[in-house]
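Chemist: Mind looking over this structure? Questions follow.
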Amino acid sequence: MSFDLRWYARRLRRMSATEMASRTRDLVLRRVWTSRRVRVGHDAGTVPGLRADRPGPVPVPLESGTTLPVQARLEVIDAANRLLAGDWSVLGVARLDIVSPDWFLDPVTGRRAPHDTSAFRIDHRDETETGNVKAVWELSRHHHLTVLAAAYWLTEDERYAELVDRQLRSWWASNPFLTGVHWTSGIELGVRLISWAWVRRLLDSWPKVGDLFESNQDALLQIWWHQQYLARFPSRGSSANNHAVAEQAGRLVAACAFPWYAESDRWRRDAGARLTGHFLDNTWEDGLNRELATDYHRFVTELVTVAAVEASTHGDDLPAEVWERLAKSFDAAAAILDAAGRPPRQGDADEGRALVVDEPDQASWTGLLGWGASVVGPRPWWPEPRPTVLGAVLGSLLGNPREAPGRAPVRPRSFAGAGLTILSTDPDRGPEIWCRCDGGPLGFLSIAAHGHADALSVEVRHDGVEVLVDPGTYCYHGEPAWRSYFRSTRAHNTVELDRTSQAREGGPFLWSTAVPVDHVVESGLDAEVSTWQARHHGYGRLAGSPVHERTVGLDKSARRLTIADRIGSGEGHEVRLHLHLGPAVTVSLDGCRAELTWTGRGGVQGGAALSLPTELAWSAHRGEIAPILGWYSPRFGVRQPITTLEGVGTWSGQVLETTVQFDAVRRA
């Protein structure tokens with residue numbers, strides 16, 4: 001049996017009967033729709049039922065231009081100028097062709113994805129066929145075009161608008177209906193529709209914008225095709241995660257911004273209802289995203305914000321419960337940041353954005369809070385939001401921030417649904433010690449696609465410097481050994497038994513077993529001594545059904561973090577405890593003691609003494625590949641060596657105690 005057949009078998013086992021039936025119907029419909037495919041260069045005809053009156057999206061209020069943050073405005077213009085000069089990166093890789101892109105090029109492998117093949121015959125998971133498909137898809141989300149359009153809106157310099165015009169016409173001509181790799185994933189279509197709506201909005205004063213959109217048959221067809229596809233092939237069942245949110249957000253934005261079709265009113269109502277359901281399903285009541293992947297919390301929050309504002313401008317508000325949950329999503333984003341304004345690194349992260357108007361390299365989480373301050377209003381305990389052009393524009397389109405009841409009066413430290421708890425010191429009393437404790441489920445839905453096998457792991461920072469790190473994501477397709485490592489238990493600051501992960505991996509976005517976590521107990525989160533305790537049953541499949549229990553304590557006055565691990569019924573199992581040190585940390589290991597030093601913000605030196613369990617034999621590993629150990633991914637597609645401390649032994653009933661004693665004062 002081939003690997004693909006084994007994967008399909010595992011995937012089917014994670015589906016319900018209803019989902020299998022729906023996917024079977026989709027498969028049949030794809031065969032029918034193949035006859036509708038339009039080949040490159042062939043006549044595509046016209047849109048049936050096209051309305052004669054084709055208004056553009058509600059333009060940005062004129063007065064908003066006078067209230068924009070000056071620095072953010074300058075950054076947008078600078079980014080657009082760099083783009084005009086051919087200086088642009090996508091997912092950390094330079095796109096030397098950005099002025100005249102090859103829409104099918106993967107700059108990572110140098111391969112070209114299929115451009116003239118039926119989309120339903122392309123396996124985008126096969127890197128030999130498509131290259132690194134994430135790198136191919138990302139440019140065609142057209143985030144760079146919304147930056148150019150924003151620069152035009154700010155300056156009325158036609159160079160920006162003309163480049164947008166050339167590239168959109170090029171893309172539309174190169175990607176007719178159901179032909180090529182850009183028709184293989186609904187999430188890409190959804191995000192693209194959002195970008196097109198905002199390009200049209202930001203170019204509203206450009207004299208040629210009607211020629212580009214309202215009277216351009218390619219534009220009229222593409223916007224119609226995209227909405228048709230998403231209406232018929234939605235993500236569902238075990239795949240109804242952020243993909244489903246993006247698809248429905250794109251549909252709703254397009255139906256409001258481009259109400260040009262006979263189906264527009266029906267599409268708008270249907271998309272609004274589906275988006276409401278998916279957003280509420282994807283988000284815990286306390287505001288955190290259910291995928292247990294921090295980057296996707298941001299992505300979904302952005303998607304729903306953009307869609308909700310668009311619907312409001314159209315006079316078709318989303319339900320109050322959406323705004324209430326959205327406000328809590330912004331509050332959750334504010335609550336989990338460290339003193340440097342950085343979020344946790346839990347789960348998968350691929351830098352997905354709903355809409356890019358500001359300088360992409362300035363995409364901070366405090367900028368996300370700038371959006372929140374404009375659309376739902378900040379809470380008194382929020383960190384200072386970063387002003388952005390898009391945040392200001394969203395606020396001006398909405399008019400006034402939406403009031404939402406039930407928001408947290410003080411900064412939450414714990415999110416029960418997601419199992420995320422923050423232990424931290426007061427930054428006003430010295431450099432912040434920040435510790436994220438993971439007591440949540442593996443991920444969302446039956447496949448937990450973007451979750452990592454990281455139960456009971458910790459992530460520790462000192463004044464924003466990563467001391468014990470979550471290594472990140474690095475890749476999705478094409479490098480299976482690296483994909484497996486970065487999502488494995490071994491890659492996280494927790495206990496591994498018998499050299500196997502807590503959950504059994506079924507594929508790059510598929511876990512075949514769950515990791516039940518229970519007995520989460522917290523105390524004194526705002527006191528001088530804070531403690532957190534949880535246990536997981538992921539290793540129940542091993543002999544004796546061992547249970548891992550961890551207790552974490554933070555003594556704020558003593559500036560000391562303690563971690564105690566116990567394995568119930570674990571006698572005789574091999575234990576490996578991994579502690580992954582941040583890229584800025586230098587370590588000196590001597591037996592069961594390690595001295596850590598680093599240079600922090602503003603060049604300030606920091607340090608800590610690490611006391612390790614004496615029951616284990618300790619060694620340091622850096623940048624190893626056989627097996628993989630000692631790696632860190634600062635962003636998607638990039639990896640670099642770090643030092644990982646590994647303790648190995650056989651469990652015999654002892655308690656494994658780890659202590660991190662931070663320096664009492666900053667070193668000179």
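Just so it is clear, none of the values below were taken in a lab; they were calculated from the coordinates. These numbers were taken from a predicted model, which means no experiment stands behind them. Cβ atoms come from the backbone with ideal geometry, glycine included; neighbour counts cover every protein chain shown.
Chemist: With +1 on each Lys and Arg Cβ and -1 on each Asp and Glu Cβ, how big is the dipole of the chain about its Cα centre, in debye rounded to the nearest 20? Show your work: numbers first, answer last.
Modeler: On the way: 73 positive and 82 negative charges, 291 e Å.
Magnitude of the dipole: close to 1400 debye.
Chemist: Can you tell me how region 576-626 classifies by the Cα gyration tensor, rounded, prolate or oblate, using a/c under 1.5 as the rounded cut? Please report the intermediate quantities before stating the final value.
Modeler: Details: a/c = 2.89, a/b = 1.51, b/c = 1.92.
Here region 576-626 falls in the oblate category.
Chemist: DSSP loop trypsin sites (Lys or Arg not before Pro) in region 481-578 with at most 13 other Cβ atoms within 10 Å of their Cβ, which ones? Numbers along the way, then the final one.
Modeler: Details: sites: Arg483, Arg487, Arg490, Arg499, Arg504, Arg535, Arg541, Arg550, Lys556, Arg559, Arg560, Arg566, Arg576; in loops: Arg487, Arg499, Arg504, Lys556, Arg559.
Here the trypsin sites (Lys or Arg not before Pro) that fit, given the DSSP loop and packing criteria, are Arg499.
Chemist: Oh, and also: Please give me, ordered by residue number, the GluC sites (Glu not before Pro) of region 515-603 that lie in loop per DSSP and have at most 16 other Cβ atoms within 10 Å.
Modeler: Those satisfying the criteria are Glu528, Glu571.
Chemist: Applying 1/(1 + (r/R0)^6) with R0 = 35 Å to the Cβ-Cβ distance of Asn81 and Asp316, what FRET efficiency is obtained, to the nearest 0.05?
Modeler: On the way: r = 38 Å, r/R0 = 1.07.
Approximately 0.40, to the nearest 0.05.
Chemist: Then there is this: Would you please name the trypsin sites (Lys or Arg not before Pro) within region 22-56 that are DSSP coil residues with at most 11 other C-beta atoms within 10 Å of their C-beta? Mind showing how you got there, number by number?
Modeler: Numbers: sites: Arg23, Arg25, Arg30, Arg31, Arg36, Arg37, Arg39, Arg51; in loops: Arg37, Arg39, Arg51.
Counting only loop positions with at most 11 other Cβ atoms within 10 Å, none of the trypsin sites (Lys or Arg not before Pro) in region 22-56 qualifies.
Chemist: Obtain the nm distance between the two label points defined at Ser545 and Arg266 by a simple spin-label model: each point lies 7 Å from its Cα along the Cα-to-C-beta direction.
Modeler: 5.3 nm
Chemist: Mind listing P(r) for the chain? All alpha-carbon pairs, 20 Å bins, whole percents.
Modeler: 18, 52, 27, 3
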